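Report on the structure given below.
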Amino acid sequence: MMKITEAAQKKVVELKENTGKPIKGLRVRAEAKSPLKVNFQMAFILDGQDEPGDTAVNFEGFDVFIDPSS
């Protein structure tokens, strides 16, 4: 399960609307570098940039796509 605060959701929607591009959603990825270090990445994706195996989580005004290896 993924939780995003209401304030963060509003900010994501605001940023998405201000890009002027056909944003499909937000991609989230976590990559383990070592047992004690994880790199987290977050980026907007355009239509067609979602990948097979992604888990899509719906939020008000946008979807979050979670990388399957995360």
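The values are calculated or read from the model by the stated rules, or taken from the named source; none is laboratory data. Bear in mind that the values here come from a model prediction, so they are computed numbers and not experimental data. Reconstructed Cβ throughout: ideal geometry from the backbone, glycine too, with neighbour counts over all protein chains shown. Side chains included, ligands, DNA and RNA excluded: accessible areas come from the protein's heavy atoms. Shrake-Rupley method; radii C 1.70, N 1.55, O 1.52, S 1.80 Å.
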Quiz item: Given 4 °C and 1.567 mPa s, how large is the Stokes-Einstein diffusion coefficient of the stretch 1-56 in µm²/s, with Rh as the Kirkwood radius over Cα pairs?
Solution: 99 µm²/s
Quiz prompt | Relative packing of peptides 39-46, 10-17 - highest average C-beta neighbours within 10 Å first | solution = 10-17, 39-46
Exercise. Compute the signed sum of charges (Lys and Arg +1, Asp and Glu -1) over the other residues within less than 13 Å, Cβ to Cβ, of Phe65.
Key: -3
Practice problem: State the number of lysine pairs found in the stretch 1-53 whose Cα atoms come within less than 18 Å, restricting to pairs 8 or more positions apart or on distinct chains. | Solution: 6
Exercise. Could you work out how far helix 6-18 tilts from the main Cα principal axis of the chain, as a 0 to 90 degree angle to the nearest 10?
Key: 60 degrees
Self-check item: Cβ-based net charge around Glu17, under 15 Å, with every Lys or Arg adding one and every Asp or Glu removing one
Solution: +2
Quiz item: Which percent of the accessible area of the chain is formed by carbon and sulfur heavy atoms (probe 1.4 angstrom)?
Solution: 55 percent
